[in-house]
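One structure is given here, and the rest of the page talks about it.
The numbers here are math on the coordinates, done by the rules we state, and not lab data. Note that this is a predicted model, so its numbers are computed, not measured. When we count neighbours, we look across all protein chains shown, and the Cβ atoms used for this are built from the backbone with ideal geometry, even at glycine.
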Amino acid sequence: MESAKGRPRVSLRDRAGYRFDRTLARSTGTLMGWLVVTCLAVVVPVSTLLVWTDPGSPSSLSGRLTAAWRTSAETLRLGAATGTPLRLALSAVLGLVALLCVSTLIGVITTGLAERMAELSRGRSTVLEQGHVVVLGWSDQVSTVVSELVAAGSPHRSRAIVLLADRDKIEMERVLTARVPPAARARIICRSGPASDPDVLALVSPGTASTVLVLPSGEPAADAEVLRILLALGAVLGKEADGPPVLAAVRDDRYRAPARLAAGPRGTVLETDTVTARLIAQCVGRPGLSLVLQDLLDFAGDEFHLADATAHHHEPFGATLLGHPNSCVVGLLTPEGRTLLNPPADTVVEPGSRLIVLALDDNSTRVEDCGHLVDTSVIASAPSGADGPTRLLLLGWNRRAPLVVSQLRRTALPGSVLDVVTDSAVPGPRQPEPRNSRTPPDVRFRSAALSRPETLLGLDLGRYDGLVVLGPDPSDGPDHPDDWTLVTLLALRLLEERTGREVPVVTELTDDRNRPLAPVNTGSDVIVSGKLTGLLMAQIAQNRHLAPVFDELFSADGSSICLRSAGTYISPGAEASFATVVAAVRDRGECAIGYRCHDTAAGPMGRGVRLNPPKEERRVWSAEDQVVVVAATGRGTPTAPAGAAGCRDEATTAVHDGALGRPADQAT
């Protein structure tokens, strides 16, 4: 409704409310005045009504007024003195002063307690722990790292995990409570503040910690922040040679060398982007490898440990493979600190060496000869055919894509083709590709609107032996980069249904919660980059001597984990013990660590993976079963039994200074 001049008509109620708001906004005194008026307007009439309705109240008017005053005064805590008006006024003044003093005291106490509680909730108190694990920084790997550290803790001793990050303490605790399973023998302590500040860093007592981990954030300047944290850690610890081992992670290889210098002699630096690219490249053409790697890296089952080799001194390495009924031997740690992964079978175990084994824990390895469990009559004599050139398709682009292309080029056979389709400008190589004696595969770049469904549905998948799908970086794309990846996978599944041909797909996701949502076939792999690198950091944090082992396993050179058809080693349909498989794999210069059965009734994400089975375990082996082996990269399928000597050369046994920078005191 409008007035004659076109202005909206304002009601009396709205005008009164507006004036009341303006009055309250003037000062604190005005607010107190209105509060007093409101209280008197309610208390005095109600007190008077109570007196007049009470049958036992005085009959005289003055008596009733006195009773009404006493009721009102007691309600407002103004005193209940009666008599002359002067006594009433003095009683009211005394009551108001008492009310002011008491309320002020309560306010001071409440404010002090609130400030103290807020200070404690911000996590700024000093941690008084011994032998705890310190995690510095916040990233998408933090929940995985903390979960694995909790799982790796001793069941007989409570251990604290202290997290320091420049985030709200309550928010960190909420996230960890939601993502980290409850732990009966571990305490998670959060502290808030910049870890690059030495004064704040001292709050978590890194000098008394057993291990210090530094995680990179998702920000563009994350690597520079890791470098500052390492420098601050050096300032807090000083030049102590017996300080805790430090494990840091950077994304860009340009920061790896400075980070190793800042980390000190007991520091290890992991380059996460390179590790992720290596994992993606290794899973291409090896369906199911991501499941093996996840089972191998988490602490839920068996993992790599160092075992005593006293019982095998002066014996060849090949003899140790059948010398442990409940663990799988994969390498040696020499007395000089050199790591030999899958060395030649005739390598002598020198005194002072330690065995690299896949076992349940440090103390579970038993020494017992399992040679009597080997049945040589079922060992296959004819090898499978060698692998040929492949044709691969890479969809999408992010900061790890140049590293993925580089790894695929290094591992591809001559004559292979790699097609790269991106939805942006055609990228160029981040750095020159290393030259080698092999003919490099043909890499062809093409730009296309991958965000449009018709582009994806127009792909000719029948031309390719495998696909790689990379999602956008969180900083460059949407808030949820996995959304684009899931849409791409849906389009690929539709293409597979139209053509009737399944193509193995290796997909990179950023959030492990989206892994069950990925619409992939049984021959595909899903790499959750943050989760796998977090698992790797937790493994190295538990035993930093394993850093060279994982470095070689995830590199393009040396030895790596492979899935080979069981028919390569055991006659299809034959029943044999796992010890027989170990012997057959050893004769081809490799180390067996488990198998993946063909039964995938659990669905496309079903495990079917069994690592470190007992040597006495017997089963019927089919050609569709796969054996998990540690083998030299670049051999392809094994060609012929190599006897006890294997077929490795010295170049493949060297320790590589790759994405996992070795501690300085382990350099050879």
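What to note about this one:
- Additional length obtainable on full extension of the chain from Glu219 to Val42, 0.36 nm per residue less Cα span: 57.9 nm
- Three principal axis extents of the range 242-330 based on alpha-carbon atoms, in descending order, are 43, 42, 26 Å.
- When each of the peptides 357-367, 190-200, 339-349 is scored by the mean number of other C-beta atoms lying within 10 Å of its residues, the order from highest to lowest reads 339-349, 190-200, 357-367.
- Radius of gyration and maximum dimension Dmax of the range 319-394, Cα, Å: 17.1, 50
- Charge tally in the Cβ shell below 10 Å around Ala222, where Lys, Arg are +1 and Asp, Glu are -1, Ala222 excluded: -3
- Kirkwood-type radius of the range 133-264, with distances r between different C-alpha atoms, in Å: 15.0 Å
- Just so you know, the Rg over Rh for the range 248-287 is 1.15, from Cα atoms, with Rh as the Kirkwood radius.
- Inter-site label distance for Glu616 and Leu413 at 7 Å from Cα along Cβ, in nm: 4.2 nm
- Measuring r between the beta carbons of Asp168 and Ser210 and using R0 = 35 Å, the FRET efficiency lands at 0.85.
- The range 239-285 and the range 516-545 have Cα centres lying 17 Å from one another.
- Using distinct alpha-carbon pairs, which all enter the 1/r mean, Kirkwood radius of the range 351-424 in Å: 18.1 Å
- Shown is the FRET efficiency for Ser60 and Arg19, computed with R0 = 51 Å from the Cβ-Cβ distance and rounded to the nearest 0.05: 0.75.
- Peptides 211-217, 11-17, 462-468 ordered by average Cβ neighbours within 10 Å, highest first: 211-217, 462-468, 11-17
- Cβ-Cβ FRET estimate between Asp473 and Arg501, R0 fixed at 22 Å, reported to 0.05: 0.10
- Each peptide among 574-582, 530-538, 480-488 gets the average number of other Cβ atoms lying within 10 Å of its residues, and from highest to lowest they stand as 530-538, 574-582, 480-488.
- For Leu418, the residues whose modelled amide H falls within less than 5 Å of its own, excluding neighbours fewer than 5 places apart on the same chain, are Leu392, Asp442, Val443, Arg444.
- The fewest-to-most ranking of His545, His132, His372 by surrounding Cβ atoms within 10 Å reads His372, His545, His132.
- Linear extension gain, Asp511 paired with Ala151, 0.36 nm per residue minus alpha-carbon span: 127.5 nm
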